[in-house]
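Visitor: I have a structure I would like to understand better, so I am pasting it below and will then ask my questions one at a time.
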Amino acid sequence: MNFIKNIILDILFPRTCPICFKIIAERKCKICSKCREKIVHIKEPICKKCGKQLYNQEQEYCYDCTKKAHVYDRGYACFAYSGDIKASIYQYKYHNKREYADFYIEEMIKTRGNEIKKWNVDIIIPVPLHKKRKRKRGYNQSEIIARGIGAYLNVEVNTSYIMRVKHTRPLKELDNKERRKHLKGAFVVGKKKSEAKRVLLIDDIYTTGSTLNEIAELLKKAGVEKVYILTLCIGAGY
């Protein structure tokens, strides 16, 4: 019955490739074979703080992380935020292409699954959206990814520990100084806080790290000892 159900769903709602956006001919695939050959993951050497791609084997930290102290302890990312992946995430966030999350989660686990397992986190927290933005969009794109990572790690996904109470402008429109100012007071610790000591924060895009830093600071003030981050993509920096 499940087999027949899946065939009917494939006919009525065929999966499209998250890169070229065309219908995928190969059943059970999450990306077409031609596009899989084009995708490029972030690989060593990477920044030992944020996980950004480095291009010099002698470097340990990226330019951003040598200039700015981050509150979180360690981070990893799957892709550089550019080209085909950038266009894919735009469709995912703003055009209800939630099915692309299956591909993203699979790639994040494939590239960084072993490392995040070693963190031995107690809970996973997706970066929250303000209720107005979530109502308009219909979903939190980071929460969908977090639930996939949570299932892989068999770790609770907590969406009530950190709440977004300030409806901010899209941060991509602001420079780094304006981002920090804009984010002050944007998040609060919720009433249903956890006793977790090791937390994994999940977000779709890391640009300057301002949002994740703000949340990490709140978590550490609430008693969390280690805050790790995992993002789908990471930008080039300031």
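Visitor: Hey, can you tell me all the residues within segment 179-206 that are modelled with pLDDT under 90 and in a loop (DSSP other than H, G, I, E, B)?
Guide: Lys184, Gly185, Ala186, Gly190, Lys191, Lys192, Lys193, Ser194, Glu195
Visitor: Next question, about the same structure. Tell me which helices (runs of 4 or more DSSP H) are completely within segment 13-118 and hold 2 or more residues being of a type in the set (D, E, K, R), within 21 Å of the chain's Cα centre (by Cα) and assigned by TED's automatic domain parsing to the domain that holds Leu201, or say none if there are none.
Guide: 83-94
Visitor: If you don't mind, another one. Looking at this structure, is Lys30 closer than 29 Å to His95 by Cβ and either charged (D, E, K, R) or exposed (fewer than 15 other Cβ atoms within 10 Å of the Cβ) (or both)?
Guide: For Lys30, the condition - closer than 29 Å to His95 by Cβ and either charged (D, E, K, R) or exposed (fewer than 15 other Cβ atoms within 10 Å of the Cβ) (or both) - is met.
Visitor: Could I ask something else about it? Kindly provide the set of residues from segment 217-238 that are among the hydrophobic types (A, V, I, L, M, F, W, C) and more than 21 Å from Met108 (Cα to Cα), ordered by number.
Guide: Leu218, Leu219, Ala222, Val224
To keep it simple, each residue is scored yes or no on (1) out of contact with any Asp or Glu (no Cβ under 8 Å at 6 or more places or on another chain); (2) free of Cβ contacts under 8 Å to residues at least 24 places away in the same chain.
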site: Glu60; (1), (2): yes, yes
site: Cys65; (1), (2): yes, yes
site: Asp73; (1), (2): yes, no
site: Asp84; (1), (2): yes, no
site: Tyr90; (1), (2): yes, yes
site: His95; (1), (2): yes, yes
site: Ile105; (1), (2): yes, no
site: Met108; (1), (2): yes, no
site: Thr159; (1), (2): no, no
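Visitor: Scanning segment 207-232 for residues that are among the β-branched types (Val, Ile, Thr) and part of a helix (DSSP H, G or I), which turns out nearest to Met163 (Cα to Cα)?
Guide: Ile215
Visitor: Right, here's the next one. Just to be sure I understand the filter: pairs with C-beta atoms under 8 Å, separated by 6 or more residues or on different chains, first member in segment 177-198 and closer than 17 Å to Leu212 by Cβ, second member in a helix (DSSP H, G or I) and modelled with pLDDT under 90. Which pairs pass?
Guide: Sorted first by the residue in segment 177-198, then by its partner, the pairs are Arg179/Leu171; Arg179/Ser210; Arg180/Ser210; His182/Leu171; Leu183/Leu171; Leu183/Ser210.
Visitor: Go over the candidates Ala151, Ala146 one by one and state the one that is of a type in the set (Gly, Ala, Ser), modelled with pLDDT of 95 or more and crowded, with 21+ Cβ neighbours inside 10 Å.
Guide: Going through Ala151, Ala146 in turn, just one is of a type in the set (Gly, Ala, Ser), modelled with pLDDT of 95 or more and crowded, with 21+ Cβ neighbours inside 10 Å: Ala146.
Visitor: Within the bounds of segment 3-16, is there any residue that is over 22 Å from Ala216 (Cβ atoms), at pLDDT 95 or above and of a type in the set (Val, Ile, Thr)?
Guide: Looking for residues that are over 22 Å from Ala216 (Cβ atoms), at pLDDT 95 or above and of a type in the set (Val, Ile, Thr), one finds none in segment 3-16, hence no.
Visitor: For segment 55-87, give me each residue that is over 19 Å from Val127 (Cβ atoms) and buried (at least 19 other Cβ atoms within 10 Å of the Cβ).
Guide: Those that are over 19 Å from Val127 (Cβ atoms) and buried (at least 19 other Cβ atoms within 10 Å of the Cβ): Cys62, Cys65.
The values are calculated or read from the model by the stated rules, or taken from the named source; none is laboratory data. This structure is a prediction, so every number in the text was calculated from the model and none was measured. Note that each Cβ is placed from the backbone with ideal geometry, even for glycine, and that neighbours are counted across all protein chains shown.
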